[in-house]
1. Write down, largest first, the equivalent ellipsoid semi-axes of the chain in whole Å, where each equals the square root of 5 times an eigenvalue of the alpha-carbon gyration tensor.
2. Using the heavy atoms of the protein chains alone and a 1.4 angstrom probe, what is the accessible area of the chain per residue in square angstrom?
3. Order C156, C268, most accessible first, counting only protein heavy atoms with a 1.4 angstrom probe.
4. Quick test of your reading: applying the under-4.7 Å Cβ rule, which cysteines of the chain are isolated?
5. Quick one: 3J(HN,Hα) in Hz for region 177-184, Karplus 6.51/-1.76/1.60 with θ = phi - 60°, rounded, Gly and Pro as x.
6. What fraction, in whole percent, of alpha-carbon pairs in region 1-158 exceed 27 Å separation?
7. Past 26 Å, Cα to Cα, is the threshold; run K8/K218; K85/K172; K9/K218; K9/K212; K41/K208; K8/K41 against it and keep the listed order.
8. Applying a 10 Å radius around every beta-carbon, put 9-15, 141-147 in order of their mean neighbour count, most first.
Amino acid sequence: ADESGLDKKTILLELSKALRHSRDRKLDPWAVIQTRVPLIKISDQKTDLTCDISMENDLSLYKASLLRCYVAIDARFPKVLALVKTWAQARNINDAAQHTLNSFGYTLLVIQFLQTCSTPVLPCLQAQTLEFNGKTFQQPPAVDTVGNLEIRYHGCQGATWDDVWHLVGFGKANTKEVDELFVEFLHFVGVVLDLDSHCVCIRDGALKPADKTQFKHKHLPQLCIEDPFDHADNVSRSLTETSSKRVRLEFLRAFEIMSRTGDFRRLCQASVRGNGAPANRDSHALGAAAHAAAGVGNVHTHTH
């Protein structure tokens, strides 16, 4: 609670009410307060843009700054991510409250793929050193400590913690278009990523062996996506055994459709809401994708 005696949840609820009655814009706020990090989800009906508001969450500010660095380095990253989120939302697999994957989880998956494709598009900004354009860049000193978590990455030395002008164009050797990278991403998650043995870790710049006991959450994870700053935080902790199978099936269905037809509109045909399995006709995607996957060999991973 703050000095007035109000706690975060009360303040967020009041803010949500105020936003709902805003005269300047037609906003659709939704207070999600029964979570580890209470927040307000907001949709702007005029622009169709969405955002979240939380309070006193310094680590989220640094996470946002780290993501801005990756966005600045290669314009294909946010475009691939936009396709992924459009598809995931259409197929109802982008909602932690429904035990699927949240947007931050999808963002980390896309970054990991772009770090590990055969010709990397993105660097690992938390590596000790980076080589680019014949120069070696050392990781700068930490800019802050949040709890016991040290905040340092290439770019953190700027006034807004996102100074990566010297790394822009890092992935220029990879000349693939956004649609090609999108299809390869679907293959990466649906086929290459092993839910039992891999942990997604953009801090290492590569998939690493999963240690499902490293996380601070009560239940063992179905998928390991390590937070870039807090190695004990599993970003995909909302997944259950049932929902993780559903999400993987959706990736396989998506890869089969895109690799065979390239029909993004069909890919995004609405799915029935809820936690049940997709329609039976989609179960054929498992076999079809396995065959199609054999023809995609330009994505590779590293393990430490």
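The values are calculated or read from the model by the stated rules, or taken from the named source; none is laboratory data. None of these values were measured; they are calculated from a predicted model. With ideal geometry, Cβ positions are generated from the backbone for all residues, glycine too; neighbour counts draw on all protein chains shown. In case anyone asks, the SASA skips ligands and DNA or RNA and just uses the protein heavy atoms, side chains included. Shrake-Rupley method; radii C 1.70, N 1.55, O 1.52, S 1.80 Å.
1. 30, 27, 19
2. Spelled out: the 1.4 Å probe surface of the chain, per residue, equals 52 Å².
3. C268, C156
4. Cys with no partner Cβ under 4.7 Å: C51, C69, C117, C124, C156, C201, C268.
5. For region 177-184, the Karplus curve yields 7, 4, 5, 5, 5, 4, 5, 5 Hz.
6. 39
7. Listed pairs above 26 Å: K9/K212; K41/K208.
8. 9-15, 141-147
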